[in-house]
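The values are calculated or read from the model by the stated rules, or taken from the named source; none is laboratory data. Since we're looking at a predicted model, the values are computed, not measured. Here the Cβ is made from the backbone with ideal geometry for all residues, glycine too, and neighbour counts use every protein chain on show. Heavy atoms of the whole protein, side chains included, go into the accessibility calculation; ligands, DNA and RNA do not. Shrake-Rupley method; radii C 1.70, N 1.55, O 1.52, S 1.80 Å.
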Amino acid sequence: REDIRTYWGTVGKSMFTLFQFLTMDGWGALYYQVTKQMPAMTFFFFPFVFFGAFVIMSLLTGVMADHMNDVRKMTEDDERRENVLHLDTAVQAVWDHDMDGDGTLNRQEFVKLFCKTAFSNQLREVDVHVSRKDAMDLFQWFDVNGD
């Protein structure tokens with residue numbers, strides 16, 4: 001038949017027709033044309049469409065999962081950049097509390113730093129939760145020269 005040759009006459013036409021089957025674009029009419037002449041082709045078309053649909057769904061799922069992973073990474077990078085900005089501000093606050101300008105904080109300077117709620121808030125913004133008691137314990141632990 002001429003209409004069968006139109007859709008199946010060459011390898012290229014056959015590939016395009018099979019693609020139509022996978023996308024479900026007008027596949028019903030083509031299916032009936034072919035199975036009317038060759039009823040055994042039913043055993044080819046149903047598994048082809050069934051497994052082809054799973055392959056296409058798997059590809060779409062993979063593309064979506066990859067896109068969501070990229071979005072998650074971009075969000076994490078943005079959060080990391082924001083945390084670095086907050087951390088830079090906190091480090092500047094430490095330098096500002098070095099009253100004697102020797103490049104270190106003594107106990108008094110350290111206590112004044114942690115009495116400032118702004119500094120504690122800056123640390124919390126970068127997920128560093130330190131109470132005043134914990135801060136004093138940290139100072140004693142890091143205090144090399146015992147002042």
GNM flexibility winner over the chain from Ser14, Ser58, Ser120 (Cα, springs under 10 Å): Ser14
Net charge of neighbours whose Cβ lies under 11 Å from the Cβ of His97, counting Lys and Arg as +1 and Asp and Glu as -1: -2
Net length gained if the chain between Leu60 and Trp95 were fully extended (0.36 nm per residue, minus Cα distance): 7.3 nm
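Quote to one decimal, in nm, the extra length available between Asn69 and Leu22 on full extension: 0.36 nm per residue of separation minus the C-alpha distance between them. Could you put the intermediate results ahead of the total?
Values: separation 47, 0.36 × 47 = 16.92 nm, distance 2.77 nm.
Gain on extension, Asn69 to Leu22, equals 14.1 nm.
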Degrees between helix 132-142 axis and first principal axis of the chain (Cα, 0 to 90, nearest 10): 80 degrees
Estimated dipole of the chain in Debye, rounded to 20 [Cβ of Lys and Arg +1, of Asp and Glu -1, Cα centre]: 1380 debye
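Output the Kirkwood hydrodynamic radius of the range 73-147, Cα pairs only, in Å rounded to one decimal. Mind dumping the intermediate values first?
Values: mean 1/r = 0.0748 Å⁻¹.
Over the range 73-147, the inverse of the mean reciprocal pair distance is 13.4 Å.
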Rounded tilt (10° steps) of 11-23 against the dominant C-alpha axis of the chain: 60 degrees
Nearest-20 debye value, the range 99-146 charge dipole, Cβ charges on Lys, Arg, Asp, Glu: 220 debye
HN-Hα J in Hz across the range 38-45 - Karplus 6.51, -1.76, 1.60, θ = phi - 60°, x for Gly and Pro: 9, x, 5, 5, 4, 6, 8, 5
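With runs of 4+ DSSP H residues as the only contributors, calculate the mean residue ellipticity of the chain at 222 nm using -39,500 (n - 2.57) per run, divided by the residue total and rounded to the nearest 500.
Numbers: 7 runs with 115 residues, N = 147.
Helix contribution divided over all residues of the chain: -26000 deg cm²/dmol.
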Max mean-square fluctuation residue, GNM over the chain, Cα-Cα springs under 10 Å, options Arg80, Arg72, Arg107: Arg107
GNM flexibility winner over the chain from Phe119, Phe44, Phe54 (Cα, springs under 10 Å): Phe44
Solvent-accessible area of His97 with every protein chain in place, 1.4 Å probe, in Å² to the nearest 10: 30 Å²
Ellipsoid semi-axes in whole angstrom, largest first, where each is sqrt(5λ) of the Cα gyration tensor of the chain: 76, 14, 10
Share of carbon and sulfur in the accessible heavy-atom surface of the range 22-86 [1.4 Å probe, %]: 71 percent
